[in-house]
Amino acid sequence: MKNTKTTVLVFVLLIVAAALYRVWDTRPWGFAPQIAMALFAGSVIKDKRFSFIVPLFSMLISDVLYQFLYSQGLTEIKGFYSGQLSNYIVFTAITAIGFFINKNKVGSIFFGSLAGVMFYFLASNFTVWIGGGLDINNQPYPKTLEGLMTCYAAGVPFLKGSIMATLLFNGIFFGCYHLFNRFSVRSGKVLQTQKN
């Protein structure tokens, strides 16, 4: 039962984070909870099938919601965009990085967060380059080492926001998870004491 409660808590936290961060129009470039969501799910959900499904499904719900709002003229933020499928694939891989994060150790969470951000930076910019993404002059990056390095350089301004967001959201996610577990353990002891 505890695993089910944990999965529900994780799912709710991730949906809220995936939906609400988009409201902040002036957020720094790259500031988004998705990397933290994938790492957190990989770390805390025991059933590894669900650890992949939960962050992807929460992202999909958020994307559908924003696409609906966009289609109704209520927001300028599109829910669906080009390159979205490759992002979902990258986030699936980031979830696997979360398997190696010890949810009870701050250092493990910190370094796992940095590893997730760096993996996302390298993988997502590579997919932009290989997929014919456009540079600031709306020209495709050349399929050369120089073109790849130019693509990575263009992604650097997003890196700082990704680091800040991943550390912040993982602090929130893992912090809420620990508080929830601490409260559950105390509640269980109180109920068990009352039964005796």
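The values are calculated or read from the model by the stated rules, or taken from the named source; none is laboratory data. Keep in mind the model is a prediction, meaning the values are calculated, not measured. Positions of Cβ are generated from backbone atoms using ideal geometry, with glycine treated the same way; all protein chains shown enter the neighbour counts. What goes into the accessible areas is simple: the full protein's heavy atoms, side chains included, and nothing from ligands, DNA or RNA. Shrake-Rupley method; radii C 1.70, N 1.55, O 1.52, S 1.80 Å.
Side notes on the structure shown:
- For the stretch 9-73 and the stretch 114-129, distance of Cα centres in Å: 18 Å
- With the alpha-carbon atoms of the stretch 73-186 aligned to their principal axes, the span from lowest to highest coordinate is 59, 40, 22 Å, starting with the largest.
- Leading residue at positive end of dipole, the stretch 4-129 (Cβ point charges), from Pro55, Phe111, Ser71: Phe111
- Each label point was placed 7 Å from the Cα along the Cα-to-Cβ direction; for Val156 and Phe180 their separation is 3.9 nm.
- Share of carbon and sulfur in the accessible area of the stretch 32-138 stands at 69%, probe radius 1.4 Å.
- Note: the stretch 92-155, Cα convex hull, 86 Å³ per residue.
- For the chain, accessible area per residue (1.4 Å probe, heavy atoms of protein chains only), Å²: 58 Å²
- Modelled label positions at Leu65 and Phe111, each set 7 Å beyond Cα in the direction of Cβ, lie 3.5 nm from each other.
- Quarter of the Cα convex hull surface for the stretch 1-110, i.e. its orientation-mean projected area (nm²): 7.5 nm²
- Cα-based Rg and Dmax for the chain, where Dmax is the largest Cα-Cα distance (Å): 18.7, 73
- Seen from a random direction on average, the alpha-carbon convex hull of the stretch 53-132 projects onto 6.4 square nanometres.
- Separation of the alpha carbons by more than 22 angstrom is noted, of Lys48/Lys105; Lys46/Lys105; Lys5/Lys160; Lys46/Lys78, for Lys5/Lys160; Lys46/Lys78.
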